[in-house]
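Each remark here refers to the structure printed beneath this line.
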């Protein structure tokens, strides 16, 4: 807040709204670069590759900032691979995750020269071997082990339980590595583990690292030439009342159980780098009172920011220029024809008038990257602020864009 109004760095959010309209995503260059530096510094005394998780925010301008900062990238599709390529990212610093890679995606990634595939099933391992043999190469891989550790996070973003679709049980991992020795299209490069997203407690992290470190030692003792241990990501941020550990405390929880292991660590931070670097700017369309509720209807909906509808996620919502007067409890809702299109339930807000601007905070992660054109609503533009200047890094979609490729 500067001079009674919300700013992004040195730019009033109201000025951006005048220039590009609403809804719109706004990102801070200073915050993005600072967050990457904090993570890199926390692991500076250990051989570490920070691979930004592209799915959190895949905007080219954001990826370019991280590439310039020396980051690698964690991808889950050939589309994300192409985004990294477009911004000049080092493809040798790319890890390819995800449970459903196609053979065409494997071919593209091998030809790109990525660091390794994080393999999540026995049949995927066989598919990667077939592709490697077809191309006459040995595809580098790490098996993702599922440690059956409860990350104490939302059930939709917990990935380390035995009921999860991700990874292979620890008990099967060593046998699959042994099987890979007979596969001519593969070479074991590492081991992978990721227990979930929005982590707010270091104890599950420490528990998982202890387990995966023991597996890594076992595999090395059996002669597997592993060089990399992918410890995943998932460090949480504060959306409401959460108290996630600081990056230094998280680093301690990762590093202490792995002391003396000798592996190059691969980190996959996403949310912690971009969430607090972005806001969704929206404008009040109407106010509506019913016997049960007071509603504030805005021009941003669940197609623009899916997290509240998908996860019942909380985002703080703040007036860009607060008005004086008695506060009221309101639901901030969007225009999409779904009852779940609610950006904020039961929020205490200062008085609002038609046309007022609101900022949905901590929206840089899984905001634009999960947006859609549901209800045939064009997706919003994205704006990158740098000091006292800003530029549009993705233009607002048009109705024509929505129908590109269709035939009546």
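Listing for the model above:
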| item | result |
| --- | --- |
| Matching residues in the range 368-408 - criterion: being in a helix (DSSP H, G or I) and over 20 Å from residue 275 (Cβ atoms) | 374, 375, 376, 399, 400, 401, 402 |
| Any chance residue 26 is farther than 19 Å from residue 73 by Cβ, touching a strand residue (DSSP E or B) at 6+ places or on another chain (Cβ under 6 Å), modelled with pLDDT of 95 or more and assigned to a helix (DSSP H, G or I) | no |
| Output for the range 44-70, where each listed residue is over 20 Å from the mean Cα position of the chain (by Cα) and in contact (Cβ under 8 Å) with a residue 40 or more places away in the chain | 46, 47 |
| Options 151, 158, 142, 208: the member that is assigned by TED's automatic domain parsing to the domain that holds residue 265, surrounded by 21 or more Cβ atoms within 10 Å (Cβ to Cβ), touching a strand residue (DSSP E or B) at 6+ places or on another chain (Cβ under 6 Å) and at pLDDT 85 or above | 142 |
| Any chance residue 39 is outside any strand (DSSP E or B), buried (at least 19 other Cβ atoms within 10 Å of the Cβ) and in contact (Cβ under 8 Å) with a residue 40 or more places away in the chain | yes |
| Among the residues listed as 316, 312, the single one being surrounded by fewer than 16 Cβ atoms within 10 Å (Cβ to Cβ) and within 20 Å of residue 372 (Cβ to Cβ) | 312 |
| Wholly within the range 227-330, helices (runs of 4 or more DSSP H) carrying at least 2 residues that are out of contact with any strand residue (DSSP E or B) (no Cβ under 8 Å at 6 or more places or on another chain) | 247-255, 307-311 |
| Number of the exception - residue 17 against (1) surrounded by 21 or more Cβ atoms within 10 Å (Cβ to Cβ); (2) more than 19 Å from residue 265 (Cα to Cα); (3) in contact (Cβ under 8 Å) with a residue 40 or more places away in the chain | (1) |
| Sole exception among (1) surrounded by 15 or more Cβ atoms within 10 Å (Cβ to Cβ); (2) within 14 Å of residue 363 (Cβ to Cβ); (3) touching a residue at least 60 places away in the same chain (Cβ under 8 Å) for residue 240, by number | (1) |
| Tabulated pairs, the range 245-261, first on the phi > 0 side of the Ramachandran plot and in the same structural domain as residue 220 (by TED's automatic domain parsing), second surrounded by 19 or more Cβ atoms within 10 Å (Cβ to Cβ) and assigned to a helix (DSSP H, G or I), C-beta under 6 angstrom, 6+ apart or interchain | none |
| So residue 187, is it closer than 21 Å to residue 263 by Cβ, buried (at least 19 other Cβ atoms within 10 Å of the Cβ), in contact with a strand residue (DSSP E or B) (Cβ under 9 Å, 6 or more places away or on another chain) and in contact (Cβ under 8 Å) with a residue 12 or more places away in the chain | no |
| Test for residue 348: is it loosely packed, with under 15 Cβ neighbours inside 10 Å, in the same structural domain as residue 17 (by TED's automatic domain parsing) and in contact with a strand residue (DSSP E or B) (Cβ under 6 Å, 6 or more places away or on another chain) | yes |
| Residues located in the range 107-122, provided they are buried (at least 23 other Cβ atoms within 10 Å of the Cβ) and farther than 15 Å from residue 189 by Cα | 109 |
| Members of the range 179-199 found to be part of a loop (DSSP other than H, G, I, E, B) and at negative phi, listed by number | 181, 182, 183, 184, 185, 193, 194, 195, 197 |
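The values are calculated or read from the model by the stated rules, or taken from the named source; none is laboratory data. Every value quoted in this text rests on a predicted model; they were computed, and no experiment measured them. Cβ coordinates were reconstructed from backbone atoms using ideal geometry, including for glycine residues, and neighbour counts include every protein chain displayed.
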